[in-house]
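Shown next, in structure tokens, is the structure this report addresses.
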Amino acid sequence: MKLKLIILMIAAYLLGSIPNGVWIGKAFFNIDIRQHGSENIGTTNTYRVLGTTAGTIVMILDISKGTVAALLPIIFHVSLFSDNLSKLIFGILAVIGHTFSIFDRFRGGKAVATSAGMLLAYNPYLFLLAVVSIVIMISIFSMVSLGSMFTFTLITVVSFLTGDRVLTPLALLLTIFVFYRHRQNIVRIKNGTEGLVPFGLNYWHKHQHQL
């Protein structure tokens, strides 16, 4: 049982480590997204560099990494203390993999989509809340970074208010980590130089002034 647990934990990390944006960029576009845009391997930079279709595919794959990894202990009947805690432990291994990928010299993305995937496995209702939150924020401000930071904060607050003692401390740690990973974005937001996605009220407003 211990060997099975170790193998599954390694598998969760390796799943998270898959750099979907890098591999898709190289395989289908002959582009290394680490050399373009923000040089990040995640969904947002994939949208910027490779376009909407590739960005959407990478987003789905990155979410799926977190979901599948979190469900590994349930699928293979290996439990750590409880099913819910097991989902979070395995999910966080995928998040670590995405952020410190063995396939990318232990570098990686900001783990927003992979964390969302973990949340989907843990609590689909909170995942839906997160989706609605980030869609609204991006639709208004046209900034994925701002939407991500706000949504992580929201999930932390909601999990605390609903008395989820399992999720709350992890959500808080992930929120702090996401803010840290977005520290350069925060500076650009303050300076008014943060990159915008090509939709949303803020993008439309700035685009109108440039015409």
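The values are calculated or read from the model by the stated rules, or taken from the named source; none is laboratory data. Here the structure is a predicted model, which is why all the values come from computation and not from measurement. Cβ sites come from the backbone with ideal geometry, for glycine too, and all protein chains shown count toward neighbours. When the accessible area is computed, the model is the full protein with side chains, heavy atoms only, and any ligands, DNA or RNA have been set aside. Shrake-Rupley method; radii C 1.70, N 1.55, O 1.52, S 1.80 Å.
Would you pick out the residues in the stretch 82-136 that are open to solvent by 40 Å² or more (accessible area, probe 1.4 Å), farther than 14 Å from residue 41 by Cβ and charged (D, E, K, R)? Correct list: 83 only.
Mind checking which pairs have a first residue in the stretch 101-115 that is under 20 Å from residue 133 (Cβ atoms) and a second that is at pLDDT 95 or above and outside any helix (DSSP H, G or I), Cβ under 7 Å, 6 or more apart or different chains? The qualifying pairs do not exist here. Exactly one residue out of 197, 178 is part of a helix (DSSP H, G or I) and either open to solvent by 70 Å² or more (accessible area, probe 1.4 Å) or closer than 13 Å to residue 44 by Cβ (or both), and it is 178.
For residue 32, indicate whether it is within 18 Å of the chain's Cα centre (by Cα), open to solvent by less than 40 Å² (accessible area, probe 1.4 Å) and under 18 Å from residue 98 (Cα atoms). Taking the combined requirement at face value, the residue does not satisfy it.
Taking only the stretch 21-57 into account, find how many residues are in contact (Cβ under 8 Å) with a residue 40 or more places away in the chain and either among the β-branched types (Val, Ile, Thr) or within 19 Å of residue 90 (Cα to Cα) (or both). The qualifying residues number 4. Filtering the stretch 141-167 to residues that are modelled with pLDDT of 95 or more, open to solvent by 60 Å² or more (accessible area, probe 1.4 Å) and not aromatic (Phe, Trp, Tyr) leaves 157, 161, 162.
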